[in-house]
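The values are calculated or read from the model by the stated rules, or taken from the named source; none is laboratory data. Remember, it's a predicted structure, so these values are computed and weren't measured experimentally. Here the Cβ positions follow ideal geometry from the backbone for every residue, glycine too, while neighbour counts run over all protein chains shown. Each accessible area value is taken on the protein alone, full model and side chains, heavy atoms only, with ligands, DNA and RNA left out. Shrake-Rupley method; radii C 1.70, N 1.55, O 1.52, S 1.80 Å.
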Amino acid sequence: MSVRAVCVRAMALGDCAAVAAVRVEGWRFAYEGLMPRAFLDAMSVEADTAVRRRQFLAAGDRVVNLVAEREGEVVGWGCWGPPRDEDAPAGTAELYALYVRPGHVASGVGRALMAEVVSGAAGAGRSRMWLWVAAGNARARRFYGLAGFAADGAGSAEEYAGVPVPEVRYARELSARPAAAESRG
């Protein structure tokens, strides 16, 4: 794929269907072999669009949703906000999601989204960011490592269609330095 400009902007309510498509395609790509095939096949862009709308409206300004566009098409989505873990120290943010359409993986879209996520969280006064990643998702773990995140020893498991999927928590300290300078993947 040729290098084409990526524009990262705030998500709007009208982006929910495009974000749902990115999320469903992203899950099917990223979690192939890690989650039950029947669960991934049952995912629906239409159903996820309704969920994205509800969550977007309910979140208000507590959650920051960003989309990445290339030539006017939404090809990536990331969102962050307050941590869900009760033991989070003050000043911690959590990256809830970062997905890229499979045809745009390793093309700079993920790096551009991550740079904006980290910059935005640092600019909002957050000093640390956490995220959860499937333990078996080597591609994502490598990407997060290149972006300055490292496993912090916390683990969990989420259940999908009755199958537990182990997860590890990654963390990084935030600063005013742009994340793009640190992410080389």
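Of all the numbered requirements in (1) acidic (Asp, Glu); (2) open to solvent by less than 20 Å² (accessible area, probe 1.4 Å); (3) not in a strand (DSSP E or B), Asp87 misses one, and that requirement is (2).
Hey, does the stretch 74-93 have a residue that's at pLDDT 95 or above and more than 25 Å from Gly123 (Cβ to Cβ)? No, the stretch 74-93 has no match at all. Given the criteria touching a Phe, Trp or Tyr at 6+ places or on another chain (Cβ under 6 Å) and assigned to a helix (DSSP H, G or I), does Arg23 qualify? The answer is yes for Arg23.
Pairs linking a residue in the stretch 31-45 that is free of Cβ contacts under 8 Å to residues at least 40 places away in the same chain to a residue that is open to solvent by less than 60 Å² (accessible area, probe 1.4 Å), with Cβ atoms under 6 Å and 6 or more positions apart or on different chains, are Met43/Val24; Val45/Ala20; Val45/Ala21; Val45/Val24.
Against the definition (part of a loop (DSSP other than H, G, I, E, B), open to solvent by 70 Å² or more (accessible area, probe 1.4 Å) and farther than 22 Å from Arg141 by Cα), how does Ala38 come out, yes or no? When the stated conditions are applied, Ala38 does not pass them. Report yes if some residue within the stretch 123-130 is of a type in the set (Phe, Trp, Tyr) and either touching a Pro at 6+ places or on another chain (Cβ under 9 Å) or modelled with pLDDT under 95 (or both); otherwise report no. Within the stretch 123-130 (the criterion being of a type in the set (Phe, Trp, Tyr) and either touching a Pro at 6+ places or on another chain (Cβ under 9 Å) or modelled with pLDDT under 95 (or both)), the answer is yes, since at least one residue qualifies. Of all residues in the stretch 10-18, one or more are over 28 Å from Ala154 (Cα atoms) and in a strand (DSSP E or B). What are the residues in the stretch 75-108 that are charged (D, E, K, R) and farther than 21 Å from Ala30 by Cβ, if any? Hits for the stretch 75-108 are Asp85, Glu86, Asp87.
Does the stretch 119-138 contain any residue that is part of a helix (DSSP H, G or I), at negative phi and free of Cβ contacts under 8 Å to residues at least 12 places away in the same chain? Yes - at least one qualifying residue is present in the stretch 119-138. Screening the candidates Gly60, Gly81, Gly76 for the property of being open to solvent by 10 Å² or more (accessible area, probe 1.4 Å) and small (Gly, Ala, Ser) yields one hit, Gly60.
Only residues that are in contact (Cβ under 8 Å) with a residue 24 or more places away in the chain and exposed (fewer than 12 other Cβ atoms within 10 Å of the Cβ) were counted across the stretch 48-57, and they come to 1. When residues in the stretch 90-103 are screened for being part of a helix (DSSP H, G or I) and open to solvent by less than 20 Å² (accessible area, probe 1.4 Å), 0 of them pass.
Taking the conditions exactly as written (open to solvent by 30 Å² or more (accessible area, probe 1.4 Å), in contact with a Ser or Thr (Cβ under 6 Å, 6 or more places away or on another chain) and in contact (Cβ under 8 Å) with a residue 12 or more places away in the chain), does Arg142 satisfy them or not? So Arg142 does not fit the description; no.
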